Amino acid sequence: MPDPHATLVAYTDAVARGDDKAIFALMTNHDRQTMRRQEVAQQLRDARRELTEQAVTLRARAFRPLETTAQVKLQNGEISTLELENGQFRVASADVLPAAARTPTQALTQLRTVLVRRSYAGLLRVLSRDTRHAVERDLTSLLAGLQAAESWQIVVEGNKAIVQVPGGHKVVLQQEGGEWRIDDFD
């Protein structure tokens, strides 16, 4: 991609020279279709002092490097984000690749994607560090308690069962069609 600063320098130079032809050439196709070159020349003559001041201000400003992103919507509704880096677009987020959400909308889109996929690993990737560690600690503790089958305290009442699991966890089960299913756990 061309350096936008080169265009800015060319514009400020053209203003300084009073070169309406160069200014007209720097305009977008759309603007060149809506304004004739003679109109640009007239505006340059009428607002020369103001345009010169603007050009001086533009030249004096320090500009950040160009930051450009492109979003591509896939057929399944997911969005891949590309970022311009050193003149080439690079994948910032796509599918199951780790991504750095730069906006709340991007974070929510990533959450939707991992939930649609039922991806536990993806869910952990989109959680904040503290929440991710809390979820992992809770699940590790629950797993440790579930490995100690001899210490489970199971209370069955009809088609419900409550199990106190070592580590302070409780699992609630529900019998459905003759099969026991996990109804809730904490």
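Please treat every number below as a calculation from the coordinates, not as lab data. Just so you know, these numbers come straight off a predicted model, no measurement behind them. Ideal geometry is used to build each Cβ from the backbone, glycine not excepted, and the neighbour counts take in all protein chains shown.
A few comments on the model shown:
- Contact order for the chain, expressed relative to its length and based on alpha carbon pairs under 8 Å spaced 6+ residues apart, stands at 9 percent.
- Candidate lysines - alpha carbon under 26 Å from K160, same-chain residues fewer than 8 apart omitted: K170
- Ellipticity at 222 nm from helices only: DSSP H runs of n ≥ 4 in the chain, each -39500 (n - 2.57), divided by the residue count, give -14500 deg cm²/dmol.
- Linear extension gain, F89 paired with Q43, 0.36 nm per residue minus alpha-carbon span: 12.8 nm
- Proxy reagent accessibility, fewest Cβ within 10 Å first, across V114, V135: V135, V114
- For the pair I162 and V116, label points projected 7 Å from Cα toward Cβ lie 4.0 nm apart.
- Estimated Rh, region 4-60: Kirkwood, alpha-carbon pairs, angstrom: 11.4 Å
- Between H5 and S80, the modelled label-to-label distance comes to 3.1 nm, taking each label 7 Å out from Cα in the direction of the beta carbon.
- Each residue of region 6-20 is assigned a 3J(HN,Hα), and the resulting list reads 4, 5, 4, 5, 4, 5, 5, 5, 5, 5, 4, 7, x, 8, 5 Hz, derived from the Karplus form 6.51 cos²θ - 1.76 cosθ + 1.60 (θ = phi - 60°), x at Gly and Pro.
- For the chain, leaving out every one of the trypsin sites (Lys or Arg not before Pro) that falls in a DSSP loop and has at most 12 other Cβ atoms within 10 Å, the longest unbroken run is 119-186.
- Full extension of the chain between T105 and A134 gives 8.0 nm of extra length, using 0.36 nm per residue less the Cα-Cα distance.
- Net lengthening on full extension, T34/D183 (0.36 nm per residue, minus Cα-Cα): 47.0 nm
- Two-decimal Rg/Rh across the chain, once Rg and the Kirkwood Rh are taken from alpha-carbon atoms: 1.35
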